[in-house]
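Note sheet for the following structure.
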Amino acid sequence: MVDPANLWGRVFTLARRDGSRAAASRIPQNWLVFRQGRPILLAENHGRELTPLAGWEDVDFPGAIGALQALMERPLVLRAVRRLEVTTWDGRPVRETEAFPALARAGFTVDGGRLSWDGYPGPRR
């Protein structure tokens, strides 16, 4: 969620893996995932667009995915969104990236060009 005291993106620059600056608006639809106090993943637009940051390592997949899934553990009326729908990873369609198998293993459902998580693993009937 948005923390008005969070200085990342405003005072401290967020950098992508290639070293370029990642601009992140401080709005409720954008989230940061941290590892040991350092941002590793920028989730924008309610998690639709995921951008791994400079400190990202492939071993971060389980923890970062778990942090996003934890948002769906709240009662439905308290969630910011009904489901997570990931469409891009690092600016590319998620189905064409290394994130696809990690998200699918974690229970995200393939839904056209996106991967969805509503808190209930497995396909919907």
The extension gain from D58 to R92, computed as 0.36 nm times the residue separation minus the Cα-Cα distance, is 10.5 nm
The size of the Cβ-based charge dipole (Lys, Arg +1; Asp, Glu -1) of the range 20-103 about the Cα centre, to the nearest 20 debye, is 400
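Each value in this text was obtained by applying a stated rule to the coordinates, not by laboratory testing. Small disclaimer: the values here were computed from a predicted structure and weren't measured. For neighbour counting, all protein chains shown are included, and Cβ atoms are generated from backbone atoms with ideal geometry for every residue, glycine included.
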